[in-house]
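Structure first, then comments.
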Amino acid sequence: KMPKVSIVIPVYNVEEYLRRCLDSVVNQTLRDIEIICINDGSTDNSSHILAEYQSKENRLRVISQKNGGQSKARNAGLEVATGEYIYFLDSDDYIKTYALEKLYTIAKTNNLDIIYFDSEVIFENDILRNEFSEYSTIYNRKKEYAEVLSGKELFCKLVMNNAYVVSPCLQFTKREYIKEMNIRFLEGIIYEDNIYTFVSILQAERVAHIKDKLYVRRIRPNS
């Protein structure tokens, strides 16, 4: 039977942060999940860390490919995912332990194509905190958009309130919807998140947003 959620994690040279990320997923209160890690040609210790977790966690699988970038890695995960819902997580960030249970429950109850949520931000140092101060508020919307809307309606509201945030990591999406609309990440470009986020919200029929900081975004050097 299909797992409730497939978590897709692209991994590229993040040895310093990877354990924190994987622990946050392995310890989710929602147990019925599959964890798909795509090792995108890492040259540091990341592959050893992945192997270590894989040996003790049967819900986790590792796909290794030569370095092709974030889009290619996420698409590779999408190809093999079997869950009811898909969640993309960045390997230098992490999620709250109850995040997937909460998202799954709301998405399932309301039959949502996508549910959006907010994020906390942690800065690796004060230089970054000063240079990128706008990040401390950008992922935390002032209002909640809890009623079920079409993607177009929510998009218009978000844009009007300056609350449209581009991040696949702050949305939880029905896999059937991604499949039906054939949504993929555009490979070979930077800022691939822009197109993916845009295309997925505009075609969705049922979406909502909860004002919960379920994600923790790390602002770090060389990100």
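Let's see how each residue does on (1) out of contact with any Leu (no Cβ under 7 Å at 6 or more places or on another chain); (2) among the small types (Gly, Ala, Ser):
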residue: Ile95; (1), (2): no, no
residue: Glu101; (1), (2): no, no
residue: Thr109; (1), (2): yes, no
residue: Asp126; (1), (2): yes, no
residue: Arg129; (1), (2): yes, no
residue: Ser136; (1), (2): yes, yes
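Of the helices (runs of 4 or more DSSP H) contained entirely in the range 75-149, those carrying at least 2 residues that are open to solvent by 60 Å² or more (accessible area, probe 1.4 Å) and under 23 Å from Val159 (Cα atoms) fall at 135-138.
Can you name the residue in the range 53-64 that is open to solvent by less than 60 Å² (accessible area, probe 1.4 Å) and not in a helix (DSSP H, G or I) and, of all such residues, is farthest from Arg184 (Cα to Cα)?
As a first pass, look at the range 53-64 and keep what is open to solvent by less than 60 Å² (accessible area, probe 1.4 Å): 53, 57, 59-60, 62-63.
Now narrow it down to the ones that are not in a helix (DSSP H, G or I): 57, 59-60, 62-63.
Values: Glu57: 28, Arg59: 24, Leu60: 22, Val62: 20, Ile63: 18 Å.
Only one residue fits best here, namely Glu57.
Scanning the range 14-36 for residues that are touching a helix residue (DSSP H, G or I) at 6+ places or on another chain (Cβ under 7 Å) and buried (at least 19 other Cβ atoms within 10 Å of the Cβ) yields a total of 7.
Considering Asn67, Asn39, the condition of being within 27 Å of Asn194 (Cα to Cα) and crowded, with 20+ Cβ neighbours inside 10 Å is satisfied by Asn39 alone. Would you please name the residue that is nearest to Lys108 (Cα to Cα), looking only at residues in the range 42-52 that are aliphatic (A, V, I, L, M) and surrounded by 16 or more Cβ atoms within 10 Å (Cβ to Cβ)? Here the residue is Leu50.
Whenever a residue of the range 80-99 is free of Cβ contacts under 8 Å to residues at least 40 places away in the same chain and closer than 17 Å to Thr29 by Cβ, it has no partner that is in a strand (DSSP E or B) and basic (Lys, Arg) lying with C-beta atoms less than 7 angstrom away and at least six residues away or across chains.
Here's the yes/no breakdown for (1) out of contact with any helix residue (DSSP H, G or I) (no Cβ under 8 Å at 6 or more places or on another chain); (2) on the phi < 0 side of the Ramachandran plot; (3) modelled with pLDDT under 95:
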site	(1), (2), (3)
Lys96	no, yes, no
Asp118	no, yes, no
Asn130	yes, yes, yes
Tyr135	yes, yes, yes
Ser150	yes, yes, no
Phe155	no, yes, no
Asn162	yes, no, yes
Lys174	no, yes, no
Met181	no, yes, yes
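The values are calculated or read from the model by the stated rules, or taken from the named source; none is laboratory data. Quick caveat, the model's predicted, so the values are computed rather than measured. Glycine gets a Cβ as well: all are built from the backbone with ideal geometry, and neighbour counts include every protein chain shown. All accessible areas refer to the heavy atoms of the entire protein, side chains included, with ligands and DNA or RNA removed. Shrake-Rupley method; radii C 1.70, N 1.55, O 1.52, S 1.80 Å.
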